[in-house]
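J.: Questions regarding the structure given below will be posed in turn.
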């Protein structure tokens, strides 16, 4: 593997609220190679979205990145000033959001919004901007793109709006796109189309993606690599195929077992008992322990990442692996 | 779009017709103008004559239809008191109110929206907290008191600005304006500030609330993620997104201030229409009251009509909704 385009090490983002410190992201690390798609999976409140925003340096107050490093094309982002960060957003790293109805400005035409995004990083003539916008819209599968530049967001369907948002994110051929559940709000058939298109685009343009989702089924059809998040940390990471076939962490195993495809028709879906802990007052030790079938006394201390071949997990009692002796 | 305009226009006509009935009946129900127009020692014969001359002997519906007939010919009747056409009377006073109100409402909007956006954009800074404190004052301090304090401070104690009147005026197209002379401008300053304070406070609140809400939306987050600068986000995204409520309130304020700037006009002896209507009510000068209220209704209807058109111009959803 060549140098990663995105390298995240020990990233922690905390929110300093009146009631206490919310540790939304707690020591997250991963690498992303050129053109690689990584799925970032977890329940709501596990810190996936905050991780995404942290990568772009867009954490809203009262939150901030308290430690760790985010290197994009070899440049450390966490220590950059706002002006330098802005130059990279949309240019080297961009983001798309869950709700395509809320992301586009209803009072500007698609063309105007794309022009704003182009002007943010380059000085180009209106004509050049228009042809670039048309090209991108065509690429994401919007028919008669040139004419659609004059249209307003409300004249598009949800799926089409999300394609417009994707086109805007792709305008400057960024190295990385952070996709925060971009297909969750869409019909299943449109979801499949967009997933296929994103995969093709990533391959063509060499854009790497962090695909944030709570839906393991969607992500596993797209991503070559998976990172499973729980309570602000990555609890298991590895290639999609390995992880699905042979999960180590009990939480990953629980997620896979709860997939509808894993159940026999008519049988109830498996669930993970309990609910996610409050990030305001995380229990001592492994945060998953209270819900874990494998938990033991050892789990009251926090497990470290265990590396093995090309995968890693954070558990004392991993499935399919001999338990390391406690120190 | 044309259908939308016609529909709104017909609605406006209907509102005006309804307003004319309400106003006419309402004013008719108040007192007996004869008692005020004539001296108490007037003979029975003179009373009868006057009643007939003023048309007050006819039933109310007949008076209404005569009034409406004249109105459609552009004749709003003659003032009982001044015995000159009402239109002339109001027309002579309107420019004074118009310039005072336009100056204060427009400057309150421009300043208030700017301050409000700042306060909404940086809610934690002490500048924003100061702005909000000023706006609370603007809301809660009564306007007559502010007017008196302004006069006391700037006119009496400091002697910088005149305390009342319009000052020197200049005739443009036969209408007298204070706005275009230096002396006239110095006369406008204090009443304009007095009138603007409440509107300023409201615009600050409105713009601040809108800004705080919009800055948290995905639209702004998405724009930031695309690397668009904060200035551009404020100018191109925010300003458009908060414009709808601001324009609505601007229109309503413009109308109500034009109609009821009476407190300020009285304190600063500004010879506008507000003072005229109060004087007319005191002497039950019915034609002036009716004409004035009809005029006010007309103003509101016109302003609302224009605002609807502006909405259609700036908001594509309204425009397309109206076309369908």
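The values are calculated or read from the model by the stated rules, or taken from the named source; none is laboratory data. Note that the coordinates shown come from a computational prediction; the quantities given were computed from them, not determined experimentally. Neighbour counts are summed over all protein chains in view; Cβ atoms, including those assigned to glycine, are modelled from backbone coordinates with ideal geometry.
J.: Output yes when any residue across segment A:243-263 is more than 19 Å from residue A:42 (Cα to Cα) and out of contact with any strand residue (DSSP E or B) (no Cβ under 7 Å at 6 or more places or on another chain), and no when none is.
T.: Pass one, segment A:243-263, residues more than 19 Å from residue A:42 (Cα to Cα): A:263.
This time we only want the ones that are out of contact with any strand residue (DSSP E or B) (no Cβ under 7 Å at 6 or more places or on another chain), so: A:263.
Within segment A:243-263 (the criterion being more than 19 Å from residue A:42 (Cα to Cα) and out of contact with any strand residue (DSSP E or B) (no Cβ under 7 Å at 6 or more places or on another chain)), the answer is yes, since at least one residue qualifies.
J.: Limited to segment B:4-23, what total is found for residues that are farther than 12 Å from residue B:302 by Cβ and touching a residue at least 40 places away in the same chain (Cβ under 8 Å)?
T.: Going residue by residue through segment B:4-23, those that are farther than 12 Å from residue B:302 by Cβ are B:4-7, B:10-11, B:14, B:17-23.
Going one step further and asking which of them are touching a residue at least 40 places away in the same chain (Cβ under 8 Å), we end up with B:4-5, B:19-21, B:23.
Count: 6.
J.: Now, a different point. On the given criteria, is residue A:108 within 14 Å of chain B (Cβ to nearest Cβ), surrounded by 17 or more Cβ atoms within 10 Å (Cβ to Cβ), out of contact with any strand residue (DSSP E or B) (no Cβ under 8 Å at 6 or more places or on another chain) and not in a helix (DSSP H, G or I)?
T.: Numbers: within 14 Å of chain B (Cβ to nearest Cβ): yes; surrounded by 17 or more Cβ atoms within 10 Å (Cβ to Cβ): yes; out of contact with any strand residue (DSSP E or B) (no Cβ under 8 Å at 6 or more places or on another chain): yes; not in a helix (DSSP H, G or I): yes.
It is true that residue A:108 is within 14 Å of chain B (Cβ to nearest Cβ), surrounded by 17 or more Cβ atoms within 10 Å (Cβ to Cβ), out of contact with any strand residue (DSSP E or B) (no Cβ under 8 Å at 6 or more places or on another chain) and not in a helix (DSSP H, G or I).
J.: If you go through segment B:274-288, how many residues are farther than 15 Å from residue B:97 by Cα and surrounded by fewer than 20 Cβ atoms within 10 Å (Cβ to Cβ)?
T.: So in segment B:274-288, the residues farther than 15 Å from residue B:97 by Cα come out as B:279-288.
From what is left, the residues that are surrounded by fewer than 20 Cβ atoms within 10 Å (Cβ to Cβ) are B:279, B:281-284.
So the answer is 5.
J.: Give the residues of segment A:152-172 that are surrounded by fewer than 18 Cβ atoms within 10 Å (Cβ to Cβ) and either within 11 Å of chain B (Cβ to nearest Cβ) or at pLDDT 90 or above (or both), sorted by residue number.
T.: Of the residues in segment A:152-172, the ones surrounded by fewer than 18 Cβ atoms within 10 Å (Cβ to Cβ) are A:154-155, A:157-158.
Passing the criteria: A:154, A:155.
J.: Just to be sure before I move on: is residue A:135 more than 8 Å from chain B (Cβ to nearest Cβ), surrounded by fewer than 17 Cβ atoms within 10 Å (Cβ to Cβ) and at pLDDT below 90 in the structure I sent? Before you say what the answer is, go through the steps one by one.
T.: Working: more than 8 Å from chain B (Cβ to nearest Cβ): yes; surrounded by fewer than 17 Cβ atoms within 10 Å (Cβ to Cβ): yes; at pLDDT below 90: no.
Judged against the criteria, residue A:135 is not a match.
J.: Also, quick follow-up: Listed residues B:215, B:203; which is under 21 Å from residue B:304 (Cα atoms) and in the same structural domain as residue B:274 (by TED's automatic domain parsing)? Outline the logic, then answer.
T.: Working: B:215 fails: under 21 Å from residue B:304 (Cα atoms).
Unique residue meeting the criteria: B:203.
J.: Okay, moving on. Just to be sure, is residue B:241 within 14 Å of chain A (Cβ to nearest Cβ) and farther than 25 Å from residue B:36 by Cα? Don't jump to the end; show me each part of the working.
T.: Details: within 14 Å of chain A (Cβ to nearest Cβ): yes; farther than 25 Å from residue B:36 by Cα: yes.
Answer is yes for this residue.
J.: Also: What's the total number of residues in segment A:75-101 that are farther than 23 Å from residue A:206 by Cβ, touching a helix residue (DSSP H, G or I) at 6+ places or on another chain (Cβ under 7 Å) and more than 7 Å from chain B (Cβ to nearest Cβ)?
T.: The qualifying residues number 2.
J.: For the subset of segment A:291-319 comprising residues that are in a helix (DSSP H, G or I) and either in contact with a strand residue (DSSP E or B) (Cβ under 8 Å, 6 or more places away or on another chain) or more than 19 Å from residue A:26 (Cα to Cα) (or both), which member is modelled with the highest pLDDT? Let's see the steps before the verdict.
T.: Initial filter on segment A:291-319 (in a helix (DSSP H, G or I)): A:291, A:297-300.
After this cut, where a residue has to be either in contact with a strand residue (DSSP E or B) (Cβ under 8 Å, 6 or more places away or on another chain) or more than 19 Å from residue A:26 (Cα to Cα) (or both) as well, the list is A:291, A:297-298.
Working: A:291: 84, A:297: 79, A:298: 81.
Per the criteria, the residue is A:291.
J.: Another question about this same structure. Please verify whether residue A:121 is within 14 Å of chain B (Cβ to nearest Cβ) and part of a loop (DSSP other than H, G, I, E, B), treating the condition exactly as stated. Working first, answer last.
T.: Details: within 14 Å of chain B (Cβ to nearest Cβ): yes; part of a loop (DSSP other than H, G, I, E, B): yes.
Yes.
J.: Could you say which residue among B:149, B:131 is in contact with a helix residue (DSSP H, G or I) (Cβ under 7 Å, 6 or more places away or on another chain), assigned by TED's automatic domain parsing to the domain that holds residue B:272 and either without any contact (Cβ under 8 Å) to a residue 40 or more places away in the chain or under 25 Å from residue B:215 (Cα atoms) (or both)? Write out each step before concluding.
T.: On the way: B:149 fails: in contact with a helix residue (DSSP H, G or I) (Cβ under 7 Å, 6 or more places away or on another chain).
Result of the check over B:149, B:131: B:131.
J.: I would also like to ask the following. Against the conditions (1) under 26 Å from residue B:124 (Cα atoms); (2) in contact with a strand residue (DSSP E or B) (Cβ under 7 Å, 6 or more places away or on another chain), where does residue A:69 fall short? Just the number, please.
T.: (1)
J.: (1) surrounded by 15 or more Cβ atoms within 10 Å (Cβ to Cβ); (2) touching a residue at least 40 places away in the same chain (Cβ under 8 Å); (3) in a helix (DSSP H, G or I): which one isn't true of residue B:166, the others all being true?
T.: (3)
J.: If I filter segment A:35-62 down to residues being in contact with a helix residue (DSSP H, G or I) (Cβ under 7 Å, 6 or more places away or on another chain) and within 14 Å of another protein chain (Cβ to nearest Cβ), which single residue comes out as surrounded by the fewest Cβ atoms within 10 Å (Cβ to Cβ)?
T.: Of the residues in segment A:35-62, the ones in contact with a helix residue (DSSP H, G or I) (Cβ under 7 Å, 6 or more places away or on another chain) are A:35, A:37, A:39-42, A:56-59.
Next, from what is left, pick out any that are within 14 Å of another protein chain (Cβ to nearest Cβ): A:56-59.
On the way: A:56: 24, A:57: 21, A:58: 15, A:59: 19.
My answer is A:58.
Residue-wise test of (1) surrounded by fewer than 16 Cβ atoms within 10 Å (Cβ to Cβ); (2) touching a residue at least 12 places away in the same chain (Cβ under 8 Å).
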{"site": "A:258", "(1), (2)": "yes, yes"}
{"site": "A:280", "(1), (2)": "yes, yes"}
{"site": "A:284", "(1), (2)": "yes, yes"}
{"site": "A:294", "(1), (2)": "no, yes"}
{"site": "A:297", "(1), (2)": "yes, no"}
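J.: Okay, next question. Evaluate segment B:225-246: report whether one residue or more is under 30 Å from residue B:152 (Cβ atoms) and at pLDDT 90 or above. Reasoning before the result, please.
T.: Going through segment B:225-246, the residues under 30 Å from residue B:152 (Cβ atoms) turn out to be none.
No; the residues of segment B:225-246 include none that is under 30 Å from residue B:152 (Cβ atoms) and at pLDDT 90 or above.
J.: So, one more: Taking segment B:222-232 as the search range and keeping residues that are in a helix (DSSP H, G or I) and within 9 Å of another protein chain (Cβ to nearest Cβ), which one is farthest from the chain's Cα centre (by Cα)?
T.: Within segment B:222-232, the first condition is being in a helix (DSSP H, G or I), and the residues that meet it are B:222-225, B:230-232.
With within 9 Å of another protein chain (Cβ to nearest Cβ) added as a condition, the list becomes B:222-225, B:230, B:232.
Values: B:222: 40, B:223: 38, B:224: 40, B:225: 43, B:230: 35, B:232: 33 Å.
In this case the residue turns out to be B:225.
J.: Tell me the helices (runs of 4 or more DSSP H) entirely within segment B:264-324 that contain at least 2 residues that are over 15 Å from the mean Cα position of the chain (by Cα), within 14 Å of another protein chain (Cβ to nearest Cβ) and under 30 Å from residue B:3 (Cα atoms). Before the answer, list the steps.
T.: Working: elements: B:273-282, B:286-314, B:316-323.
Ranges flagged: B:286-314, B:316-323.
One line per residue, one yes/no per condition, for (1) in a loop (DSSP other than H, G, I, E, B); (2) in the same structural domain as residue A:24 (by TED's automatic domain parsing); (3) under 19 Å from residue A:29 (Cα atoms):
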{"position": "A:212", "(1), (2), (3)": "no, yes, yes"}
{"position": "A:217", "(1), (2), (3)": "no, yes, no"}
{"position": "A:223", "(1), (2), (3)": "yes, yes, yes"}
{"position": "A:229", "(1), (2), (3)": "no, yes, yes"}
{"position": "A:237", "(1), (2), (3)": "no, yes, yes"}
{"position": "A:241", "(1), (2), (3)": "no, yes, no"}
{"position": "A:248", "(1), (2), (3)": "yes, yes, yes"}
{"position": "A:254", "(1), (2), (3)": "no, yes, no"}
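J.: Continuing with the same structure: Take the residues in segment A:173-191 that are touching a helix residue (DSSP H, G or I) at 6+ places or on another chain (Cβ under 6 Å) and within 11 Å of another protein chain (Cβ to nearest Cβ); name whichever of them is surrounded by the most Cβ atoms within 10 Å (Cβ to Cβ).
T.: Selected residue: A:178.
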